[in-house]
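Rule-based calculations on the coordinates, nothing more; no lab input. Everything numeric here is computed off the predicted structure, so don't read it as measured data. Cβ coordinates were reconstructed from backbone atoms using ideal geometry, including for glycine residues, and neighbour counts include every protein chain displayed.
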Amino acid sequence: MTEHQIIAACRRGDRKAQKWIYERYSPKMFGVCKRYVRKQEDAEDVLVNAMFKVLTKIDSYGGKGSFEGWIRRIVVNEALMLLRKRKDFQYAASLDEVQIADTVDVVEELKAQDIIKLLEKLPVGYRTVFNLYVIEGFKHREIAEQLGISINTSKSQLILAKKRLQKLITEQNLMG
Amino acid sequence: MNEKDIFKVFQANEQVWDETPNERAWQRLEQRLDRHRREARVVRFRRLAVAASLLLVLGAVSVMALQSQQERARFAALEETYQTSDLEEVYVTDATDFQPIQYAKAGVIDEGSPTRRLVAAMNYFYVDEVEESSQDMMKILSDTLHNVAKSILPAKRDFTWLLGDWVGKIADGKSIEQWEQVSEDVYDGTGFLVKNADTLFMEQMRLQRKGESWYYILQSDAYAQPVAYKMSYYSPDFIVFENPKIQFPNQVVFDRRMDTVCSTVFLPKGKIQLSTAQLDFWIQRNVLLQDKAVRNLWKSI
């Protein structure tokens, strides 16, 4: 069966098809959740909520564009909703206050766990904007709209996230 | 590492976050999907019930309109052929479903006894048997239909046109009908067959309102009990009564589309099947055709 057929079956509420889609995409989508919400239990909540919407609202997937991209958008939205609910968002100062840091040479190869840990160490505001811009590929205008912030705030958050990461990597190298 | 490299590192390593979630995540999801399926069914059912009842209302109205149109067409054709057609052979069975009648043919009728018998017998009414259904939907639909019927068939009907004497021609005799209004809700009719000043045959009819409905009640020796037909369609010159339990007549129609003539038509469900005795009864005052029995009566002044 092609994925196209399975999606059709899912539209009819076929449980096997639903499970197939879940099993195929949940590892990756769980990863998306973890990037945004950090805590394991929260990530699981987001995943379940998002996949429920995916499977029950599959009629709104028109077939245009990638299916994974459609799922991902739902998952990211669900993650953002949770963060909004938790009122975790605290955005740092505006662009003016950002100071240009010196670029630092770092070890080229970063281990996988390091990468995860690095992102986890970022405050939620930085981390969210970083995720949306760098990995999800949104533009600042879109991020600003999604998060209800100004474009400048989005830009500054990204720069601050970068600086913080650089600092963390440097510290790690110095220690390691 | 410059800023572009940091971005690239994260972009290139997105998969490090991939992880198969705990089995309980699927279990939670499945529970929610089950609940969603149950709730969707209820919503769909309710929506269907509403839609179905609306459709039925529309359907009932249009079916009635269509039926009347079809009946008119059929009767129009009949009307044209009636004067010239001969009596056709009717399929007759020896079925003993109906009780055999003690059918008095000859002799002058004693006026007293039939009337008394009539009063006692006329309390029989055809009763709707709606299947008891535990589903709310049936209640919704029947209530809706009932309300529609009520609005389409208001209880007050004018049958004053029926009152008086009517005459129809039979071979070497006359068919007479006399209608009188007994009360606001009851009209009584008597039919005679008269030959050479002898009244050879009599039957009794009644139009009665019970609750919201009008009934046409037939009383004769051909049937063990009086039979009631419930009005299912009304217009000033075309009225239909029905009893789905009776094979013949299944429907009784008053057709008054031509002035001065009242054509009473008796229609079967399927083919007309009568016992010999019933056949005797029906041919007295009616013309029996392949698929209907008709009597045409003219108002006698």
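A few points about this structure:
- Region A:7-66 and region B:199-254: distance between their alpha carbon centers, rounded to Å: 66
- Per-peptide average of other Cβ atoms within 10 Å, ordering B:192-205, B:50-63, A:115-128 highest first: A:115-128, B:192-205, B:50-63
- Förster radius 35 Å - calculated FRET efficiency between B:ALA52 and B:ASP165, Cβ distance, rounded to 0.05: 0.10
- Shielding value for A:45-55 is 4, the average number of Cβ atoms from other chains within 10 Å of each residue's Cβ.
- Take each residue of peptide B:23-31, count the partner chain Cβ atoms within 10 Å of its Cβ, and average: the result is 5.
- The mean number of Cβ atoms from other chains found within 10 Å of a Cβ in peptide A:8-15 is 1, as a whole number.
- Each residue, B:ARG41 and B:ASP5, gets one label point 7 Å from its Cα in the Cβ direction; the gap between the two is 6.1 nm.
- Extending 7 Å from the Cα toward the beta-carbon at both B:PHE238 and B:ASP18 defines two label points whose distance is 7.4 nm.
- Greater than 31 Å apart at Cα, pairs in A:LYS64/A:LYS111; A:LYS57/A:LYS167; A:LYS28/A:LYS139; B:LYS195/B:LYS245; A:LYS57/A:LYS111; A:LYS19/A:LYS111: A:LYS64/A:LYS111; A:LYS57/A:LYS167; B:LYS195/B:LYS245; A:LYS57/A:LYS111; A:LYS19/A:LYS111
- Mean Cβ neighbour count within 10 Å, used as a protection proxy, ranking A:32-40, A:163-171 highest first: A:32-40, A:163-171
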